[in-house]
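A short write-up of the structure that comes next.
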Amino acid sequence: MTFLPNPCEPCDPPGCILLTLPAEIDFCNASGLLPLIMAAVDSRPDLPPLLVLDLTATVFMDSQGVRLLDEVRSRLDGRARLRVVAAPEGAPSRVLELSGLRRDVPVYDNLTEALAPEARA
């Protein structure tokens, strides 16, 4: 399983790990995404202060996606801050709202907002 490429971004923004998640996050792939996300964090010796998970290409996400994001949040344990990008009209945004996880994890409408310096503070 691989993450979707970021054709406009040849590398992560400074001080940030940016991962674009797949089109669907469900029972079939959520458990496989967790080690990949954590490996991306663990592979950075400089311990970036910000992990951004981009869900704008995700068209379907069920409760396993919520569980995935909550597990990532708990495993970061202060090593990095988590930000999520989800289009306001998309399914992931609605699922995050209904589950209540949106109260615990900052969700931004677009990548520009999530990467803005004031968002990192």
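The values are calculated or read from the model by the stated rules, or taken from the named source; none is laboratory data. Predicted, not measured: the structure shown is a model, and the values here were computed from it. Backbone-built Cβ (ideal geometry, glycine too); neighbour counts: all protein chains shown. Accessible surface areas use protein heavy atoms only, side chains included; no ligands, DNA or RNA. Shrake-Rupley method; radii C 1.70, N 1.55, O 1.52, S 1.80 Å.
Among the residues of the range 71-114, the one identified as of a type in the set (A, V, I, L, M, F, W, C) and at pLDDT below 90 is A80. Scanning the range 71-121 for residues that are open to solvent by 70 Å² or more (accessible area, probe 1.4 Å) and at positive phi yields D77, G78. Just name the residue that is most open to solvent (accessible area, probe 1.4 Å) out of those in the range 50-70 that are part of a helix (DSSP H, G or I) and of a type outside the set (G, A, S). It comes out as R67.
A23 passes every criterion in (1) open to solvent by less than 50 Å² (accessible area, probe 1.4 Å); (2) within 12 Å of the chain's Cα centre (by Cα) apart from (2).
If only residues of the range 26-49 that are closer than 16 Å to A80 by Cβ and assigned to a loop (DSSP other than H, G, I, E, B) are counted, the one that is least open to solvent (accessible area, probe 1.4 Å) is P48.
Within the range 84-112, residues that are farther than 13 Å from L68 by Cβ reach partners that are among the aromatic types (F, W, Y) and surrounded by fewer than 15 Cβ atoms within 10 Å (Cβ to Cβ) with beta carbons closer than 8 Å, at six or more positions or on different chains, in the pairs A91/F60.
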